[in-house]
1. Send over the Kirkwood Rh of region 308-350, from the inverse of the averaged 1/r over different Cα pairs, rounded to one decimal Å.
2. Figure the gain on full extension for Ala14 and Asp188 (residue separation times 0.36 nm, minus the Cα-Cα span) and round it to one decimal in nm.
3. Can you tell me the relative contact order of the chain? Whole percent, Cα pairs under 8 Å, sequence separation 6 or more.
4. Taking only Cα atoms and a 10 Å spring cutoff, compute GNM fluctuations for the chain and point out the largest among Val254, Val50, Val130.
5. Non-local amide H neighbours of Ala155 (under 5 Å, H modeled in plane, Pro and chain starts lacking H): which ones?
6. For region 322-355 and region 148-216, compute the distance between their C-alpha centroids and round to whole Å.
7. As a check on your grasp of the helix formula, calculate [θ] at 222 nm for the chain: sum -39500 (n - 2.57) over DSSP H runs of n ≥ 4, divide by the residue count, round to the nearest 500.
8. Does anyone have the angle between helix 305-318 and the longest principal axis of the chain? Alpha-carbon axes, 0 to 90°, nearest 10?
Amino acid sequence: MSAIQSPAGQQPTATYDSAFLKACRREPVPHTPVWFMRQAGRSLPEYRKVREGVPMLESCARPDMVTEITLQPVRRHGVDAAVYYSDIVVPLKAIGIDLDIKPGVGPVVEQPVRTRADLARLRDLTPEDVWYVTEAVRQLTGELGATPLIGFAGAPFTLASYLVEGGPSRTYENAKAMMYGDPELWADLLDRLADITAAFLKVQIEAGASAVQLFDSWAGALAPADYRRSVMAASAKVLDAVAGYGVPRIHFGVGTGELLGPMGEAGADVVGVDFRVPLDEAARRVGPGKALQGNLDPTVLFTDRDVIEAQTDRVLDAAAGLEGHVFNLGHGVMPNTDPDALTHLVEYVHARTAR
């Protein structure tokens, strides 16, 4: 019996019997489903053409552009799921945080959150704040038909890291100083971000997303004890808030090999695994009752096809005993990746795993 159930009285959607959702529910599949993190954009020339002259955050607020960019990799690669084109800081921008995504740098926050008074700037997110998300998801589900759409959001720790640091960081010195030095403020910050993140995911699900992924991009900077003590509850709050919708919840972080167990415990139905831990070992760390997602090293795609296929075989062999497996990269698609390599990878996984 699957742990993921449709809410009582709700009819199965057109996407319900897709290979992707079946794998998330740990049910038999016709082939291992494939999608890629950052497949919407990045490496596609048609994406760069559409985005030309349009700032990142502006592109995320244009429903027609979001729809086109999200559909591009589905058309080109034949992936088993689309992922909503957006950015993890979109909900922060939507509630009035003064930030921008600077090319070559990433999200930059004008006034970092460092004090209790700063928490007042983090107001609740309403559906009206992100009306463009609702419109884009509805457009997409109409276009995608039986292909599932994955909604996503940044996890509280990663959002807090950007807010406290004021931008990307390698050391997280300000965020960790708050976590260690003012644990009450830290807990209140993450709790506030959990509410904002949950609201953002609810908007996507209610508009038609078939699954959601919570990205804790920077959680790998944490020791397991610190994750459990200072971060896990906020992620669990987000995942629990959307549990009643009956859609699979994926939880992914980078460099989180030591955190796979608690990340699964936080409430995920599917645990994303980066390329550093083989999937059979990841399954041991996560424990039973979860599907896994991953985990080909994205740099493999810069080699020739024989190498790509051999490395893909290693991933698939490691996944052979899993309860459910969604094939993905162990991180996002890199900007200089040859799109044809991605298309071939999808075809190869489908052929290699056809039942």
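1. One decimal place: 11.4 Å for the Kirkwood radius.
2. Going from the current span to full extension adds 58.7 nm.
3. 21 percent
4. In the Gaussian network model the winner is Val50.
5. Answer set, sorted by chain and number: Phe215, Asp216, Ser217.
6. Their Cα centres are 27 Å away from one another.
7. Here the helix-only value at 222 nm equals -13000 deg cm²/dmol.
8. Long axis of 305-318 versus the principal axis of the chain: about 80 degrees.
The values are calculated or read from the model by the stated rules, or taken from the named source; none is laboratory data. Note that the coordinates shown come from a computational prediction; the quantities given were computed from them, not determined experimentally. Quick reminder, even Gly has a Cβ in these numbers, built from the backbone with ideal geometry, and neighbours come from all protein chains shown. To get the accessible areas, we keep the full protein, side chains included, count just its heavy atoms, and leave off ligands, DNA and RNA. Shrake-Rupley method; radii C 1.70, N 1.55, O 1.52, S 1.80 Å.
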